[in-house]
Amino acid sequence: MRRTATLAVAAMVITPTLAACASLAAVEPASDAGNPVCAEMMVILPQFIGDAERRSTNSQATAAWGDPSQVVLRCGVQVPGPTTDPCVSVNEVDWIAHEGEDGVWTLTTYGRTPATEVVLDPQVIPSSTVLASLSQAASRIPAEGACVSVEKNVDL
């Protein structure tokens, strides 16, 4: 329940369809979703993150895992500037971690253009599992910078 409300607040709404017992994740595309570099990342996203299977979304450069969604990804979000939010590095990809008031995390790649955003509830699926699963795909977007202070083992 909390997860669904959080995703709605993040402008990501899950809606069922009539297609073959599956549901389509309605995810609002990011402003730069049409960037060709996003396509390079999207084609190598994993089929599973933990036990959550990837499912179809209704917009370009987006992905969702689980039904209801446990992880939602959008490529082409605004590149983050300097921040005091913690930065973690997983497999040489830096992620800015921001915890919402509801306990749901938004993780955004740092030093890569376009940026990629991942929304998850760490009480439902561990952020370490999510970031380890997505780092290879996120690394397809070349690094142009890095966090100044990076924590290697942070529990989100």
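The values are calculated or read from the model by the stated rules, or taken from the named source; none is laboratory data. Note that this is a predicted model, so its numbers are computed, not measured. Don't worry about glycine lacking a Cβ; one is built from the backbone with ideal geometry, like all the others, and counts go over all protein chains shown. Side chains are part of the model used for accessible areas, which takes the heavy atoms of the whole protein and leaves out ligands, DNA and RNA. Shrake-Rupley method; radii C 1.70, N 1.55, O 1.52, S 1.80 Å.
Looking at this structure, is Val88 of a type in the set (A, V, I, L, M, F, W, C) and part of a helix (DSSP H, G or I)? So that I can check it myself, show each step before the final result.
Details: of a type in the set (A, V, I, L, M, F, W, C): yes; part of a helix (DSSP H, G or I): no.
It is false that Val88 is of a type in the set (A, V, I, L, M, F, W, C) and part of a helix (DSSP H, G or I).
I'd like the full set of residues that are modelled with pLDDT of 95 or more and part of a strand (DSSP E or B), limited to the range 121-154.
The one that is modelled with pLDDT of 95 or more and part of a strand (DSSP E or B): Ala143.
Confirm whether Ser69 is in contact (Cβ under 8 Å) with a residue 24 or more places away in the chain, in a loop (DSSP other than H, G, I, E, B), open to solvent by less than 10 Å² (accessible area, probe 1.4 Å) and out of contact with any Asp or Glu (no Cβ under 8 Å at 6 or more places or on another chain).
Working: in contact (Cβ under 8 Å) with a residue 24 or more places away in the chain: yes; in a loop (DSSP other than H, G, I, E, B): yes; open to solvent by less than 10 Å² (accessible area, probe 1.4 Å): yes; out of contact with any Asp or Glu (no Cβ under 8 Å at 6 or more places or on another chain): yes.
Yes: the conditions hold for Ser69.
Just a yes or no: is a residue in the range 115-127 over 26 Å from Ala25 (Cα atoms) and in contact (Cβ under 8 Å) with a residue 60 or more places away in the chain?
no
Take the residues in the range 103-120 that are at pLDDT 95 or above and assigned to a loop (DSSP other than H, G, I, E, B), then tell me which one is nearest to Phe48 (Cα to Cα).
Ranking the qualifying residues of the range 103-120, first place goes to Val104.
Please work out which residue is least open to solvent (accessible area, probe 1.4 Å), limiting yourself to the range 34-47 and to residues that are touching a residue at least 24 places away in the same chain (Cβ under 8 Å) and within 13 Å of Leu134 (Cβ to Cβ).
Checked the range 34-47; the qualifying residue least open to solvent (accessible area, probe 1.4 Å) is Met41.
Considering each of Ala25, Ala63 in turn, give the residue that is closer than 22 Å to Ala132 by Cα, open to solvent by less than 20 Å² (accessible area, probe 1.4 Å) and in a strand (DSSP E or B).
Numbers: Ala25 fails: closer than 22 Å to Ala132 by Cα.
Unique residue meeting the criteria: Ala63.
So which residues in the range 77-120 are touching a strand residue (DSSP E or B) at 6+ places or on another chain (Cβ under 9 Å), open to solvent by 20 Å² or more (accessible area, probe 1.4 Å) and at positive phi, if there are any at all?
Listed by number, the list holds a single entry, Glu92.
Quick one: in the range 62-119, which of the residues that are of a type in the set (D, E, K, R) and out of contact with any Lys or Arg (no Cβ under 9 Å at 6 or more places or on another chain) is nearest to Val43 (Cα to Cα)?
Arg74
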